[in-house]
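Report on one structure; see the data block that follows.
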Protein chains: 2
Amino acid sequence: MNITLDDIARRAGVSRATASRVINNHPHVNPAVRERVWQAIRETNYQPNLPARSLASRRSQVIGIIIPQPIHTLFADPYFPLLIEGIAHVCNERQFSIMLDLATTTDGDPYRHLGRRGFLEGAIVASAVEDQFLLQWLAQETIPVVSVGRITSQQAIPFVDVNNRHGARMLVEHLIGQGYRRIATITGPMNIVAGRDRFAGYSDALHAAGLPVMSELVVEGNFSEQSGFTAMQTLLRLVPIPDAVFAASDMMALGALKALRAAGLSVPGDIGLAGFDDIPLAAAMTPALTTVRQPIGELGQTAARLLLDRLATDSLAPVTQRVMLPTELVIRDSCVRQR
Amino acid sequence: MNITLDDIARRAGVSRATASRVINNHPHVNPAVRERVWQAIRETNYQPNLPARSLASRRSQVIGIIIPQPIHTLFADPYFPLLIEGIAHVCNERQFSIMLDLATTTDGDPYRHLGRRGFLEGAIVASAVEDQFLLQWLAQETIPVVSVGRITSQQAIPFVDVNNRHGARMLVEHLIGQGYRRIATITGPMNIVAGRDRFAGYSDALHAAGLPVMSELVVEGNFSEQSGFTAMQTLLRLVPIPDAVFAASDMMALGALKALRAAGLSVPGDIGLAGFDDIPLAAAMTPALTTVRQPIGELGQTAARLLLDRLATDSLAPVTQRVMLPTELVIRDSCVRQR
DNA sequence: CAAAACCGTGAAAGCGCTTTCAGAGGGAAG
DNA sequence: CTTCCCTCTGAAAGCGCTTTCACGGTTTTG
């Protein structure tokens, strides 16, 4: 019923093997023959059968994206869409398909063994909370994995990351330079490397300036707007309140801003505010948010390239690659010390 | 190297056929044998090879979700995540995987023929702009498709939808009941049925009340917050300005609200505002938004069930099913006529 | 000018599963 | 005691492709 490679071969007067070579762009095929085969393909509008191809070649041309978070939280923050877009861009170029593992992100069995089952050739894992499921999966899975952001306990996994610590430090040093002294921070989740690193950068800057890190000024969030709102409310109960706040993500900064507004405080008039990520929204906020830019799309592209390059070279050597992308301080209006 | 079904069969002392029967829960297998096979599977931690299974059975257990929009717009609105979540829920229950076709939503070839290529067993298409690509794809693809929202020109496609027209009418009648007379609307895209229907409901309500539909009071948006903002700015240039605005999506209502605030107008003090969708944000806005609730998650679940049921019955008869889900008027604080 | 290298091609052997078919055995029906 | 019909099982034939191997023919090399 469906057109198969045999049909094409017969139509072009060649063997199945040759037809396969043409489709896969293998060398050593007479140009005239090559053209005959292509013509047959065009005439019949032939579409190769993917499962058959996967079975025979052991390559599915599909990679998975694994983000261990509920799907709605996943899309509340523009970070992930931008990351995925970067990945998708590279995958499209190289004719790979992407499977967003939604089972992981909803209520299904997390981490079904799509790799061992021959479905995925590789996977990109992002924003990895180091939970038991993830580690178990990584241990059992046999396909190449690239991580966006490091996973502490799995040093063998290639990753692409930004220098969170350095970026955060630059930012907080900027705050100190503006004259702020009682600087609070709303951190990311401390079970994620990015969360810990940005906090470390905050500490670094304070230490370097001879300022103490006071635990009352440190509140843990989870990168979401809501958590930023709540954390800010906590900070506002301090006496005196902080004179500036470094939120470890722009979305948390947004939440914090809303809490400040609700409390009748103005930014930067009454209190300075800074974020991290430089999502598009940051520039559009009032006041425009001072933040640290991380090249999110590039992060995705790089991760995809790392993975696809690895898949292309059949060398089984575990190429442990690490790529660090630079961050950049973006100074806007949300933390200007008023005299 | 990898464990195959043959290994399992040998280990359990049965034929490959029997092992396959056990795995697929076929009847007519001796319980004792069944248990032996399961034990072998457990002991070896066997994972069946998916491509091989697809090839042999012609069923991949994967469905596609196709939303013909750039990925970042896709996630700016909570509508799609909620829809996807609904679909994912049902798919997880039935051991199906979901492929979010990101090639469609980014810059790749839209609509690769994943179905004809044996990769997808079925597809759900949502928010379908009736462009040439979509129609061409629908014409060529041979797998079952279910649509969320109708596609005018393709009446044969089963769909699940809400009664947009009726919902919009109820809402606008509520506005009229509040005493508003100069009621503007920011419509959805008019090349999508939902956009046209909500506008039709608006017209219905005005006609029924003997009010004219004035073209200056109708501005087309595209469901996005940004478009709501822009459209509201347009409406604010009218003299006099409208006394109420019906935005055909909550996100557009949010955009409109921001434009009103920027113009120094208060809602509902100076102007009434209403939306459509009842996304979680609607209740959280200040003022809380009066809107029309559509059961987004249920929409996704129903679509998935329709598709999966269809796949389960091998009957080739094109079962054209239509499901309409109810909408509900949700009255909050954004359009209360002040006396 | 023989040997070696290379090019272009087809036959055939799988990849790991599902599914049909046939058959053995046992109990119920005639 | 046949005949028929279940239940359970294995052999075998694919599903549609890739890839190895072998082989003739043509070039290049020493």
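Since every read-out is calculated from the coordinates, none of them should be taken as a lab result. These numbers come from a predicted model, not from an experiment. Cβ atoms come from the backbone with ideal geometry, glycine included; neighbour counts cover every protein chain shown.
Fully extended, how many nm does the chain gain between A:ARG337 and A:GLN95 (0.36 nm per residue separation, minus their Cα-Cα distance)?
Values: separation 242, 0.36 × 242 = 87.12 nm, distance 5.12 nm.
Gain on stretching A:ARG337 to A:GLN95: 82.0 nm.
Near the amide H of B:MET99, under 5 Å away, which other amide H atoms are found, from residues 5 or more places off or on another chain, if H is placed in the peptide plane?
The answer is B:ILE63, B:GLY64, B:ILE65.
For an R0 of 22 angstrom, estimate the FRET efficiency from the Cβ-Cβ distance between A:ASP270 and B:ALA263 and round to the nearest 0.05.
Details: r = 26 Å, r/R0 = 1.17.
Using R0 = 22 Å, I get an efficiency of 0.30.
Taking a label point 7 Å from Cα toward Cβ, how far is B:LEU265 from its twins in the other copies, in nm, shortest first?
Its label point is 3.4 nm from the equivalent points in the other copies.
Per-residue ellipticity at 222 nm for chain B, helices alone: DSSP H runs ≥ 4 residues times -39500 (n - 2.57), over residue total, nearest 500 deg cm²/dmol?
Values: 14 runs with 147 residues, N = 339.
My calculation for chain B gives -13000 deg cm²/dmol from helical runs alone.
Please report the net charge: other residues with Cβ closer than 12 Å to the Cβ of A:ILE271, K and R +1, D and E -1. Walk me through the numbers before you get to the answer.
Details: positive: A:ARG182, A:ARG261, A:ARG337; negative: A:ASP243, A:ASP270.
Within the 12 Å Cβ shell, the charges total +1.
Add +1 for every Lys or Arg and -1 for every Asp or Glu among the other residues with Cβ under 11 Å from the Cβ of B:PRO48, and state the total. Numbers along the way, then the final one.
Numbers: positive: A:ARG116, A:ARG117, B:ARG53; negative: none.
Result for the neighbourhood of B:PRO48: +3.
Distances in nm, one decimal, shortest first, from B:HIS207 to the same residue in every other copy, taking the label point 7 angstrom along Cα→Cβ.
Values, ascending and in nm: 7.4.
Please express the Cα-Cα pair-distance distribution P(r) of region A:1-147 as a list of whole percents, one per 10 Å bin, running from 0 to the bin with the greatest distance.
Percent of Cα pairs in each bin: 10, 32, 26, 17, 13, 2.
Would you calculate the separation in nanometres between label points at B:THR73 and A:ALA32, each defined as 7 Å from the Cα along the Cα-to-beta-carbon direction?
My value for the distance between the label points is 5.1 nm.
For region B:198-302, run through the trypsin sites (Lys or Arg not before Pro) and keep only the ones in DSSP coil with at most 11 other Cβ atoms within 10 Å of their Cβ. Walk me through the intermediate numbers first.
Working: sites: B:ARG198, B:ARG237, B:LYS258, B:ARG261, B:ARG293; in loops: B:ARG237.
Answer by residue number: B:ARG237.
Please list, by residue number, everything in region B:272-302 whose backbone N is under 16 Å from a paramagnetic label point 7 Å out along Cα→Cβ of B:ARG182.
Flagged as within label range: B:272-273.
Classify region B:153-226 as rounded, prolate or oblate from the Cα gyration tensor: take a ≥ b ≥ c as the square roots of its eigenvalues, call it rounded if a/c is under 1.5, otherwise prolate when a/b beats b/c and oblate if not. Intermediate results must be reported in sequence, preceding the final value.
Working: a/c = 2.21, a/b = 1.58, b/c = 1.40.
Taking the square roots of the gyration eigenvalues as a ≥ b ≥ c, region B:153-226 is prolate.
When the expected Rg is taken as 2.2 N^0.38 Å, what fraction or multiple of it is the alpha-carbon Rg of the protein assembly as shown? Write out the running numbers ahead of the final one.
Values: Rg = 28.1 Å, N = 678, 2.2 N^0.38 = 26.2 Å.
Compared with the compact-globule rule of thumb, the protein assembly as shown sits at 1.07.
Taking the square root of 5 times each eigenvalue of the Cα gyration tensor, what semi-axes in Å does the equivalent ellipsoid of region B:164-294 have, largest first? Numbers along the way, then the final one.
Details: eigenvalues 68, 55, 41 Å².
Semi-axes (√(5λ), whole Å): 18, 17, 14.
Send over the per residue convex hull volume for chain A, Cα only, as a whole number of Å³.
Details: hull volume 55.9 nm³, N = 339.
Taking only Cα atoms, chain A has a hull volume of 165 Å³ per residue.
Any number yet on Rg/Rh for region B:69-210, C-alpha, Kirkwood?
Details: Rg = 17.9 Å, Rh = 17.2 Å.
Reported Rg/Rh (Cα atoms, Kirkwood Rh): 1.05.
List the distances, in nm and shortest first, from the label point of A:ARG181 to the matching label points in every other copy, placing each point 7 Å from Cα along the Cα-to-Cβ direction.
6.4
Taking amide H positions as placed 1.01 Å from N in the peptide plane, with prolines and chain starts having none, which residues 5 or more places from B:ARG150, or on another chain, fall under 5 Å of its amide H?
Hits under the 5 Å cutoff: none.
Taking R0 as 35 Å, what FRET efficiency do you get between B:ARG42 and A:VAL129 from their Cβ-Cβ distance, rounded to the nearest 0.05?
Between B:ARG42 and A:VAL129 the formula returns 0.75.
Which ³J(HN,Hα) values, rounded to whole Hz and listed in residue order, are derived for region A:244-255 from phi using the Karplus coefficients 6.51, -1.76 and 1.60 in 6.51 cos²θ - 1.76 cosθ + 1.60 with θ = phi - 60°, glycine and proline given as x?
Rounded to whole hertz, the list is 7, 10, 9, 8, 6, 8, 4, 5, 5, 4, 4, x.
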